[in-house]
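Data block below; observations after.
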Amino acid sequence: MQIRSFEEYKNAYELSIKEPENFWAKIAENFVWRKKWDKVLDWNFTEPKINWFINGKLNITENCIDRHLPAKANDIAFYFEENEIGRPVKKITYQELHDEVCKLANVLRSFGVTKGDRVCIYLPMIPEAVYSLLACARIGAVHSVVFGGFSAQSIRDRINDSSCKVVLTSDGAYRGNKQIPMKATVDEALKDCPSVEKVLVFKRTGEKVNMQSNRDLEWDIEINKQRSECEPEIMDSEDPLFILYTSGSTGKPKGVVHSCGGYMVYCCYSFINVFQYEPEQIYWCTADVGWITGHSYITYGPLLAGASSVIFEGIPSYPDAGRFWNIVDKLKVNIFYTAPTAIRSLEAAGLDFVKPYNLSSLKVLGSVGEPINEEAWQWYHKNIGKEKCPIVDTWWQTETGGILISPLANITKTKPSFATLPLPGVQPVLVDDKGKLIEGNGVEGNLCIKFPWPSIIRTTYGDHERCRQTYFATYHNLYFTGDGCKRDEEGYYRITGRVDDVINVSGHRIGTAEVESAINEHADVVESAVVGYPHDIKGQGIYAYCIVPKTTKSQDELRKEILNCVNKIIGPIARPDKIQIVSGLPKTRSGKIMRRILRKVAEGETKNLGDVSTLLDPLVVEEIVKGRL
Ligand code: PRX
């Protein structure tokens, strides 16, 4: 399964294009299947219908845990570093992981959760979060993790969209010097979630929480009633494994569905090859389990590979900007995977926070979530990797399940800010706005993928048509990523950012339409338009233009209230950085907002705003430029 040289990469790539079924069958043979598949692949991108390893039977947790036990029962699966510095690291062996997952799976079974039921997970970055995903997978329940930065209303929408039966949460969470309520937020969400029957509450902070009788149960008490063996549910390759909600150009977030077999195969294959993980190495991905990175490259990928990884509860700036490097030094981390936004903020803090630590254990560095600018790349390369660690700039998405374009560490020649080359099995193409293929090198276009890979999105929960519309209808017979991309003279890919109305704030995907509809909930706002603008640390910031015709409030008051609206409806992660109160928006005669102009103004451009002759009222632009924040 592991590629060892560039020559091998080229051969594997060629084979994966010529004979994709043979190529993936060979890789899939490395896993435990209760029944082998009858056919490797059946697909079309028109419905879309994508089935991998058809009629294969498996349980992903058997592959993540049980099959490693004979050789690795006492090896460390996870090192858990708490939020507070100076605490002893907690070590969780593969055997302990097995026992914890089985006990929790049995608790879920005792609640009446069976194959196909949905379970919502709203937890801090603690080992129990990882156990929760695996416990669901053990019994065939479909997990739906909601990131801790989302509001009660966002949790409610997600729970109701997929009718979750159970919620797994904690009393509170530690994040830096803050203590954040979790259970209270869940309580608020559950005021209107008729499908939820049980809530299991882990005690993390010890804060007082309300426990509703017959519904809310204490984690430890329930766990202690259970055996540490749990027969895995046998799943079909195409049974859903999880739902993860993500934002797009329009409407509410959609539940991206991944299935068991293909996701397992691709997650493990990409993990081993991109990071070139070697047995006994210590791997650390700093993501949160609430995002796809936490699913694929904290939970499933590393465990499928039998790796030892770090789970970190806290944030990079607590107690100071040296925390990441302190942990790398303390645990002798070999592979370190983080987001450009973290790199930029630690760069801004200065080298005094790096110097005290010995980073010589590091062998490979990774980046994910947004384009990494050249300056951040160089800083990371020089000061963290000491110019000896390759940086794998991994491009992928919630919908792709795993990394699609990335260097393979120490195999692919890297180039700052380039995700470089596709992994075997991945066939990227660039198209123009009409869908015409852009061939050759030294070109730029919309990034699409023309052939399925095993962990491609299968559907959007409860609404297959939305999946078709969003990803497969823009360009005929292609999966459309929503990203713009350059292919340079060498054939290397460089992702330039979203070409749709999605903004990427600190590596978090936020739909401008969602933020607008949250802002419009404010009684005095009649209309708003939200765009992204370049932000030194976050990559992109959120700039909101709001029309507030009649109000008795000051601009400061209004801004505060608008922020509160967004906080309440989506969560703190979607709060605008800038709110400009305007009397009108630049619209065409047909009423369409010209976002191009708003984006330019937000970026700081005041003169070359392009053609404004089609605008209904060109004076609006002058006012907006004058009032720019
Ligand atoms: O725009 C791309 C950007 O993040 C988007 C996917 O976001 P999400 O589904 O939340 O998944 C993030 C973690 C995989 C993409 O459409 N993106 C992700 N990785 C990169 C990137 N942009 C440039 N370079 C990357 N390495």
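The values are calculated or read from the model by the stated rules, or taken from the named source; none is laboratory data. This is a predicted model, so every value here is computed, not measured. Cβ coordinates were reconstructed from backbone atoms using ideal geometry, including for glycine residues, and neighbour counts include every protein chain displayed.
Taken as a whole, the condition of being buried (at least 17 other Cβ atoms within 10 Å of the Cβ), within 12 Å of the ligand (Cβ to nearest atom) and at pLDDT 95 or above does not apply to T412. Counting only strands (runs of 3 or more DSSP E) that fall entirely inside the stretch 458-527 and contain at least 2 residues that are of a type in the set (F, W, Y) and crowded, with 17+ Cβ neighbours inside 10 Å, the qualifying elements are 479-487. The criterion of at least 3 residues that are surrounded by fewer than 17 Cβ atoms within 10 Å (Cβ to Cβ) is met, among helices (runs of 4 or more DSSP H) falling completely within the stretch 1-73, by 6-18, 20-28, 69-72.
In the stretch 42-67, the residues that are aliphatic (A, V, I, L, M) reach residues that are assigned to a strand (DSSP E or B) and surrounded by fewer than 17 Cβ atoms within 10 Å (Cβ to Cβ) with C-beta atoms within less than 7 angstrom, at least six apart or across chains, in these pairs: I50/W43; I54/K39; I54/D42.
Residues are listed down the side, and each one gets a yes or a no for (1) of a type outside the set (D, E, K, R); (2) modelled with pLDDT of 95 or more; (3) buried (at least 18 other Cβ atoms within 10 Å of the Cβ); (4) outside any helix (DSSP H, G or I):
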site	(1), (2), (3), (4)
P194	yes, yes, no, yes
S213	yes, yes, no, yes
R227	no, yes, no, yes
E233	no, yes, yes, yes
S249	yes, no, no, yes
M264	yes, yes, yes, no
A287	yes, yes, yes, yes
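Of all residues in the stretch 294-347, those that are in the same structural domain as I243 (by TED's automatic domain parsing), assigned to a helix (DSSP H, G or I) and in contact with a strand residue (DSSP E or B) (Cβ under 6 Å, 6 or more places away or on another chain) total 3.
The test for being near the ligand (Cβ under 10 Å from one of its atoms) and farther than 16 Å from Q276 by Cα holds for G401.
Considered as a group, the residues in the stretch 419-431 that are out of contact with any helix residue (DSSP H, G or I) (no Cβ under 9 Å at 6 or more places or on another chain) and more than 8 Å from the ligand (Cβ to nearest atom) include one that is nearest to L362 (Cα to Cα), and that residue is T420. Out of all the residues in the stretch 513-530, is one or more away from the ligand (no atom under 16 Å from the Cβ), under 28 Å from R344 (Cα atoms) and either assigned by TED's automatic domain parsing to the domain that holds E444 or among the β-branched types (V, I, T) (or both)? Checked against the condition, which is being away from the ligand (no atom under 16 Å from the Cβ), under 28 Å from R344 (Cα atoms) and either assigned by TED's automatic domain parsing to the domain that holds E444 or among the β-branched types (V, I, T) (or both), the stretch 513-530 yields at least one hit.
When the stretch 285-317 is filtered for residues that are under 21 Å from V265 (Cα atoms) and more than 16 Å from the ligand (Cβ to nearest atom), the ones remaining, listed by number, are L303, L304, A305, G306, A307, S308, S309.
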